[in-house]
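The values are calculated or read from the model by the stated rules, or taken from the named source; none is laboratory data. Every value quoted in this text rests on a predicted model; they were computed, and no experiment measured them. Ideal geometry is used to build each Cβ from the backbone, glycine not excepted, and the neighbour counts take in all protein chains shown.
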């Protein structure tokens, strides 16, 4: 694309995120990065808080007050060219009082600040169905508003009753993206314009994870990567740590309890470091809880697991049934442990089908897909 053509096609994209930039690498980061690479001017707006912070999070709160995005997160992630980070000094959107203060002071202030940088056409991609986020979107009057639904917010275990305002957000967006089959069906019943947009993978990045299996006689090595929160079956993780060698990579948000000897808990790592830490795994594990809030979960790491070529054993993830021939899907803890043992002995012929599907679901391809959906929607709204 020539500079003139790029300038003519430039779109300002404001992402109202539900995930801090300096957190584990998620779909939000990839969408921002890929669209910036396609010429968008991207502003990534850090999450408006939906709860009061705990005592252990006060350092992050101070970082936010100082305007230090890296200190407000849990680790440093790279910020690619074309992406600008922004935030508002908003109160948790949890009560009538804080919602009124956000609506009358914090969001108008944020809108004025953002308005000095944002151009037209303006697209708002909203991940966060809070009253304050809906109000900020209204104040900015975007040319196109999209709700990227990647979480079953009405069943969010971390939100107080009355905090989530998904119906209000759906009433003021032009288009909805949804990732899992459950969320796509639910959104399709609530909005007339819904597109299925799956997660994806930076395929080349995961070359470092495609290692050979362990030597005969060594203990089976399992790896879980991602946040350890309300989604995860922590008793099953403890059992895996006793029966196998286990490495846990990611922020621990819930108490793990006593783990087996030799278990590695590495915490969160920057995205470029992750593939090398997966290289020694024989089996990747996704031990999710079967709960109301996990019905709509298709993990952001779905195609990352496939891009390693390694077997992945999963539980509590209905959304993976459409990829069931590529994962070991289990119903309970005993079945899970037995599947880990089977997966560790599979032959090399099982790798290529996983890699082939990962190659068909790269973030480069998904970025182009999202770009086309946005441009088509903008063109439709511009027609008389």
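General remarks:
- Residue list for the range 323-336, filter: part of a helix (DSSP H, G or I) and either over 19 Å from residue 179 (Cα atoms) or outside the structural domain of residue 287 (by TED's automatic domain parsing) (or both): 333, 334, 335, 336
- Out of 154, 192, sole residue that is surrounded by fewer than 22 Cβ atoms within 10 Å (Cβ to Cβ) and either touching a helix residue (DSSP H, G or I) at 6+ places or on another chain (Cβ under 9 Å) or in contact (Cβ under 8 Å) with a residue 12 or more places away in the chain (or both): 154
- Some residue of the range 360-370 being in contact with a helix residue (DSSP H, G or I) (Cβ under 7 Å, 6 or more places away or on another chain), under 18 Å from residue 221 (Cα atoms) and not in a helix (DSSP H, G or I): no
- Residue 320 free of Cβ contacts under 8 Å to residues at least 60 places away in the same chain, buried (at least 16 other Cβ atoms within 10 Å of the Cβ), assigned to a loop (DSSP other than H, G, I, E, B) and in the same structural domain as residue 220 (by TED's automatic domain parsing): no
- Filtered residues of the range 119-133 (kept if surrounded by fewer than 19 Cβ atoms within 10 Å (Cβ to Cβ) and in contact with a helix residue (DSSP H, G or I) (Cβ under 8 Å, 6 or more places away or on another chain)): 121
- Residue within the range 290-309 that is surrounded by fewer than 17 Cβ atoms within 10 Å (Cβ to Cβ) and in a helix (DSSP H, G or I) present: yes
- Residue within the range 337-357 that is under 30 Å from residue 12 (Cα atoms) and not assigned by TED's automatic domain parsing to the domain that holds residue 152 present: no
- Subset tally (residues that are modelled with pLDDT under 85 and part of a helix (DSSP H, G or I)) for the range 58-102: 12
- Applying the condition of being in contact (Cβ under 8 Å) with a residue 60 or more places away in the chain and closer than 30 Å to residue 270 by Cα to the range 84-109 and asking which residue is surrounded by the fewest Cβ atoms within 10 Å (Cβ to Cβ) yields 85.
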